[in-house]
1. Mark the label point 7 Å from the Cα of Ala158 along Cα→Cβ and return the residues of segment 193-217 whose backbone N is within less than 20 Å of it.
2. List the aspartates and glutamates whose Cα sits under 13 Å from the Cα of Lys200, skipping any in the same chain fewer than 8 residues away.
3. Neighbouring Cβ atoms within 10 Å as the yardstick, rank Asp267, Asp79 fewest first.
4. Quick one: compute the contact order of the chain, relative version, from alpha carbon pairs under 8 angstrom and 6+ residues apart, as a percent.
5. Hey, rough spin-label estimate for Glu135 and Thr5, points 7 angstrom out along Cα→Cβ, what's it come to in nanometres?
6. What percent antiparallel are the DSSP beta bridges of the chain, to the nearest 5?
7. How much length would be gained if the chain were fully extended between Arg243 and Arg125, taking 0.36 nm per residue of separation minus their Cα-Cα distance, in nm to one decimal?
8. Return the calculated 222 nm mean residue ellipticity for the chain, to the nearest 500 deg cm²/dmol, obtained by summing -39500 (n - 2.57) across DSSP H runs with n ≥ 4 and dividing by the residue count.
Amino acid sequence: MPALTDLTLTLNRRPWRLGARPLVMGILNVTPDSFSDGGDCIDPDTAVARGLAMAAAGADLLDVGGESTRPGSRAVPADEEAARVVPVIRELARRLTLPISVDTSKAAVAAAALDAGAVLLNSVRPLHEEPELLELLRSCDAGAVLMHLRGTPATMQAQTHYEDVAAEVLQFFEHSLRVLAAAGIAPERILLDPGLGFAKTAEQNLELIRALGRFRALGRPVLAGPSRKSFIGKLLDEPDPKRRQWGTAAAVAACVLHGADILRVHDVPEMLQVCRVAAACR
């Protein structure tokens with residue numbers, strides 16, 4: 001594909017130029033039950049150490065989450081989720097200058113995380129359908145990820161019928177961006193995420209990777225999160241998510257070649273190499 005034009009993402013009034021090279025977002029799950037790394041960083045000190053290590057390895061952003069969104073997962077009470085993520089975000093924000101994202105769909109958790117130093121809201125729930133999240137975004141200058149999802153993590157894999165998955169995700173983005181703009185949320189604050197693995201079959205995930213350039217043509221940067229996902233496991237016949245690193249590397253490279261601006265990954269140093277080489281080829 002042709003070289004990508006630069007796009008700007010504004011986080012707390014600070015502009016970030018995207019397009020010259022893809023950025024790497026390190027996944028920091030402070031959960032006991034995430035599909036790949038549940039329990040690895042449930043202790044706050046361990047989580048902070050992991051975040052610092054990812055930053056030292058070259059991560060451009062960190063994404064801190066306190067509730068699993070794996071298929072079939074159940075919701076966590078807001079106070080419990082906040083207790084998991086807020087101390088970690090506060091300490092990382094104190095010690096690092098890179099942007100920190102909070103992975104939550106609850107306005108109360110998001111507000112507490114933003115107060116603690118997060119500058120990006122990464123919600124799996126469609127923002128235009130969440131009045132409390134819209135109101136929170138109107139009241140601050142944080143950025144936000146607009147992700148495609150049908151249903152909830154508990155029900156989403158029963159909702160994978162599409163006539164044309166890429167076209168329908170594109171229409172979702174177009175509609176959602178209009179709603180957010182009407183609510184007074186500037187498009188410069190928005191990232192697009194097609195929701196790989198969320199209400200999608202394995203083949204549909206591959207279709208969406210091939211369509212990343214179509215989404216970016218809307219004028220907003222694209223975030224892709226293929227890391228260790230089940231579609232990679234299906235392709236490789238590998239049930240253990242932690243043994244999907246090479247498959248993840250191939251998916252990350254494909255995402256970069258098709259136009260992704262930010263890659264959300266578990267294995268920062270390895271995927272940083274993949275991103276740099278794939279970007280040079282692009």
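1. 197-202
2. Counting by Cα, and skipping residues close in sequence, Lys200 has these aspartates and glutamates nearby: Glu163, Asp164, Glu168.
3. Working: Asp267 21, Asp79 12.
Taking fewest neighbouring Cβ atoms as first place, the list is Asp79, Asp267.
4. Working: 581 pairs, mean separation 58.0, N = 282.
Relative contact order for the chain comes out at 21 percent.
5. Distance between label points: 3.8 nm.
6. Numbers: 5 of 32 bridges.
Taking every DSSP beta bridge within the chain, about 15 percent pair in antiparallel fashion.
7. Details: separation 118, 0.36 × 118 = 42.48 nm, distance 2.85 nm.
That works out to 39.6 nm of additional length.
8. Values: 10 runs with 116 residues, N = 282.
-12500 deg cm²/dmol, from helical runs alone.
Every number here is computed from the coordinates shown, using simple stated rules; none is lab data. Here the structure is a predicted model, which is why all the values come from computation and not from measurement. Glycine also receives a Cβ, built like all others from the backbone with ideal geometry; neighbour counts cover every protein chain displayed.
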